[in-house]
Amino acid sequence: VSTANGVYEAMPADRLRALVGRRLRHVVRSAYREVPFYRWYYDRLGFDPDEVASVDDLARIPTVAKRDLLEYQAGCPVTGERDPSLRQIHLTSGTSGVGRESHPRYAEDLEAVGIGGAYEFLWAGLVPGERLLLTIPYSQTMAGPHFQATCKAAGLVPVNAFATGTTERVEQLYQFACAGLSATPSYVHALTLEARRQGRRPDRDLPSFRRIFVSGESYGTEWAREVEAYWGARVHEGWGATQTLGVVMASCELGAVVDGPYGPARGVLHGLDHRCVIEVLAADGSPVGPGDAGEVVVTTLRTRGLPSVRFRMGDRVRRLDPGSCRCGRTSSCFEAGTIGRLDDMIKIRGMNVWPSSVDAAVLQGAVVDYRGRVFTGGDGRERVEVGVELADPSAWSDEFVTGVRDRIKAIAGVSMDVVQLPSGTLREEGFKSRRWRDERASRR
Amino acid sequence: VPPGGDRGAGTAGRPAPTAAPASRGVADLQQQVTALVLGTRSLAESVDACGVPMPIVALLAERARAVVDELAWELGVDAGAPGGDAGPVG
């Protein structure tokens, strides 16, 4: 067993519950007192934070949806406030069509942002001084600062490969004798193909390499086992978001895929219960039972700039019995590898893309309809293809394709290939058929 | 033995966290860090109030306070954002 913090990993449930209850009460009150959004939101709903005395009162607190925060920030942007405590602003990834939340960060947030991820890395068995290859881009989203802070919190040395290409990243794994890498499953697949192309055998010639940390997408157990065999490394997973100030669920030393009675099976994500209250709710707002799936609703206990208080993530997760992992930890447990969206959002190259934004870019003029496909190209990279059908096929031109591609890039934020579909293709499929298919190799 | 308690045998034959109370060593650490929390908060206030402009020092004091608050939380002391209670839990 790899211990990251024996204080909490061995803390009796009643003590932890008391701590979380006290903290929850403080978070709700201070959010109302100090965060303009919560004052606006709770006043609008007539909610009194003094109603919360313990964890038992959690369900009394109104949930918050992305649209609530966006509605408030449309009128009161973070950048419009003069706040001497402001240290960073993190935007959620996404599209201008749906809106990107702004999360102000204070000094306390910047010290807290990496702690959850440190649990993930230390549980996986990495030790201070080891090198971790980072591939997620550093931009105005939280991802860049988060991974830097996570390495700092875990004592790991970041190898900042986000500005290089896939070929160089494989070389850097060897150059720095990395112990692990952090990437989306789709990118791990691309890196694997490149390493194979280079004739590498990391299971034999890179003995330092032991762990692959995936996040941001679901993935298949068969795919994960193949990756593990090639790299000689175990696949681990962490889940977190801008709204949770980093990782709040992580796999333990057993990894994200375990041996089941009939082959590889889904492992367990452990909730970091002392840092975030994670509820899993059914559509009617009631908590789901163990074994059932529902929406992730989070309440952060360590965020100051903009805490999430019962924030509806729009993500779907399967809740498991606490303590159901063979590691013996008694934390809340969730199924690894299958966290997806309740809506139709698709994560493409680390960006949140809502099909509605592509609808807005494509469904104009002579376009009858379109179909989108996310797949793994021959080079292992994620590709997106939008097949468009025109009412008059003869209207297809280079100028039309360029116009559609530019609008998609501008509105959805991701580059996509645009191809013509034969006339009549889509009408035959029916108007209400789903427009998007996800055929990425890591889904196996 | 990790700080915070011993580990007993899990039902699957693997080591499992136990419900042991915090060890004396952890309790001592909690007392020490509680003093640090109060100290760094006091320091930050003193820097602000001392009358000599020194934003570099003020920002370092702010970061020190934030680090100590995080240290306290991970040690099971309910200190965090300003206004949080400083003291061991349970």
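The values are calculated or read from the model by the stated rules, or taken from the named source; none is laboratory data. Predicted model only: the values in this text are computed from it and were never measured. Reconstructed Cβ throughout: ideal geometry from the backbone, glycine too, with neighbour counts over all protein chains shown.
Given the criterion touching a helix residue (DSSP H, G or I) at 6+ places or on another chain (Cβ under 9 Å), of a type in the set (Gly, Ala, Ser) and either part of a loop (DSSP other than H, G, I, E, B) or modelled with pLDDT of 90 or more (or both), identify the matching residue among A:Ser324, A:Ser394, A:Ser357, A:Ser331.
A:Ser331
Testing A:Leu16 on (1) modelled with pLDDT of 95 or more; (2) aliphatic (A, V, I, L, M); (3) within 28 Å of the chain's Cα centre (by Cα), one condition comes back false. Which one is that?
Here A:Leu16 meets the rest and fails (1).
Any residue in the range B:15-30 that's hydrophobic (A, V, I, L, M, F, W, C) and in a helix (DSSP H, G or I): show its pairings with residues that are at pLDDT below 90 and surrounded by 13 or more Cβ atoms within 10 Å (Cβ to Cβ) at Cβ separation under 8 Å, as long as the two are six or more apart or on different chains.
Qualifying pairs under 8 Å: B:Val26/B:Pro3; B:Val26/B:Gly4; B:Ala27/B:Pro88; B:Leu29/B:Pro3.
Could you identify the single residue in A:Gly337, A:Gly255, A:Gly285 that is under 30 Å from A:Phe37 (Cα atoms) and not aliphatic (A, V, I, L, M)?
That would be A:Gly285, the only listed residue that is under 30 Å from A:Phe37 (Cα atoms) and not aliphatic (A, V, I, L, M).
Within the range A:169-250, considering only helices (runs of 4 or more DSSP H) that don't extend past its boundaries, which have at least 1 residues that are in contact with a strand residue (DSSP E or B) (Cβ under 8 Å, 6 or more places away or on another chain) and modelled with pLDDT of 95 or more?
Ranges flagged: A:221-231.
What residue, among those in the range A:321-337 that are away from chain B (no Cβ under 12 Å) and crowded, with 21+ Cβ neighbours inside 10 Å, is nearest to A:Ile278 (Cα to Cα)?
Among those residues, the one meeting the criterion is A:Ser332.
Which count do you get for residues in the range A:187-203 that are acidic (Asp, Glu) and within 23 Å of A:Val374 (Cα to Cα)?
1
Out of the range A:267-315, which residues are among the acidic types (Asp, Glu) and more than 14 Å from chain B (Cβ to nearest Cβ)?
A:Glu279, A:Asp284, A:Asp292, A:Glu295, A:Asp315
Does the range A:145-159 contain any residue that is over 20 Å from B:Glu62 (Cβ atoms) and part of a loop (DSSP other than H, G, I, E, B)?
yes
Residues A:Asp369, A:Asp379, A:Asp343: which one is part of a loop (DSSP other than H, G, I, E, B), in contact (Cβ under 8 Å) with a residue 60 or more places away in the chain and of a type in the set (D, E, K, R)?
Residue meeting the stated conditions: A:Asp379.
Would you mention how many residues in the range A:299-315 are surrounded by fewer than 22 Cβ atoms within 10 Å (Cβ to Cβ) and not charged (D, E, K, R)?
Qualifying residue count, the range A:299-315: 2.
Right, A:Gly340: crowded, with 21+ Cβ neighbours inside 10 Å and touching a strand residue (DSSP E or B) at 6+ places or on another chain (Cβ under 8 Å) or not?
No; evaluated as a whole, the condition is false for this residue.
Does the range A:195-216 hold any residues that are closer than 16 Å to A:Gly380 by Cα and surrounded by 20 or more Cβ atoms within 10 Å (Cβ to Cβ), and which are they?
A:Ala195
Tell me, which residue of the range A:20-41 that is touching a Leu at 6+ places or on another chain (Cβ under 9 Å) and of a type in the set (A, V, I, L, M) is surrounded by the most Cβ atoms within 10 Å (Cβ to Cβ)?
My answer is A:Val27.
Going residue by residue through the range A:426-434, is there one that turns out to be over 30 Å from A:Ala195 (Cβ atoms), aromatic (Phe, Trp, Tyr), exposed (fewer than 14 other Cβ atoms within 10 Å of the Cβ) and modelled with pLDDT under 85?
Yes; the residues of the range A:426-434 include at least one that is over 30 Å from A:Ala195 (Cβ atoms), aromatic (Phe, Trp, Tyr), exposed (fewer than 14 other Cβ atoms within 10 Å of the Cβ) and modelled with pLDDT under 85.
What pairs can you find where one residue is in the range A:188-216 and without any contact (Cβ under 8 Å) to a residue 40 or more places away in the chain, the other is surrounded by fewer than 24 Cβ atoms within 10 Å (Cβ to Cβ) and among the basic types (Lys, Arg), and their Cβ atoms are less than 7 Å apart, with a gap of 6+ or different chains?
Listed by first residue and then by second, the contacts come to nothing, as the list is empty.
Just checking, how many residues over the range A:1-40 are touching a helix residue (DSSP H, G or I) at 6+ places or on another chain (Cβ under 7 Å), β-branched (Val, Ile, Thr) and more than 8 Å from chain B (Cβ to nearest Cβ)?
Within the range A:1-40, residues that are touching a helix residue (DSSP H, G or I) at 6+ places or on another chain (Cβ under 7 Å), β-branched (Val, Ile, Thr) and more than 8 Å from chain B (Cβ to nearest Cβ) number 2.
Looking at A:Tyr230, is it surrounded by fewer than 24 Cβ atoms within 10 Å (Cβ to Cβ) and either touching a residue at least 60 places away in the same chain (Cβ under 8 Å) or in contact with a helix residue (DSSP H, G or I) (Cβ under 7 Å, 6 or more places away or on another chain) (or both)?
Spelling it out, A:Tyr230 is indeed surrounded by fewer than 24 Cβ atoms within 10 Å (Cβ to Cβ) and either touching a residue at least 60 places away in the same chain (Cβ under 8 Å) or in contact with a helix residue (DSSP H, G or I) (Cβ under 7 Å, 6 or more places away or on another chain) (or both).
Looking only at the range A:84-143, count every residue that is more than 30 Å from A:Thr3 (Cα to Cα), in a strand (DSSP E or B) and within 14 Å of another protein chain (Cβ to nearest Cβ) and tell me the total.
Counting residues in the range A:84-143 that are more than 30 Å from A:Thr3 (Cα to Cα), in a strand (DSSP E or B) and within 14 Å of another protein chain (Cβ to nearest Cβ) gives 2.
Can you tell me which residue among A:Arg444, A:Arg437 is touching a Lys or Arg at 6+ places or on another chain (Cβ under 9 Å) and under 26 Å from A:Thr166 (Cβ atoms)?
A:Arg437
Would the range A:369-378 turn up any residue that is at pLDDT 90 or above, within 14 Å of chain B (Cβ to nearest Cβ) and either touching a helix residue (DSSP H, G or I) at 6+ places or on another chain (Cβ under 7 Å) or buried (at least 16 other Cβ atoms within 10 Å of the Cβ) (or both)?
no
Restricting attention to the range A:118-137, which residues are surrounded by 23 or more Cβ atoms within 10 Å (Cβ to Cβ) and more than 18 Å from A:Tyr174 (Cβ to Cβ)?
Across the range A:118-137, the qualifying residues are A:Ala118, A:Tyr119, A:Glu120, A:Phe121, A:Trp123, A:Ala124.
Can you spot a residue in the range B:73-88 that is more than 9 Å from chain A (Cβ to nearest Cβ), modelled with pLDDT of 70 or more and outside any strand (DSSP E or B)?
no
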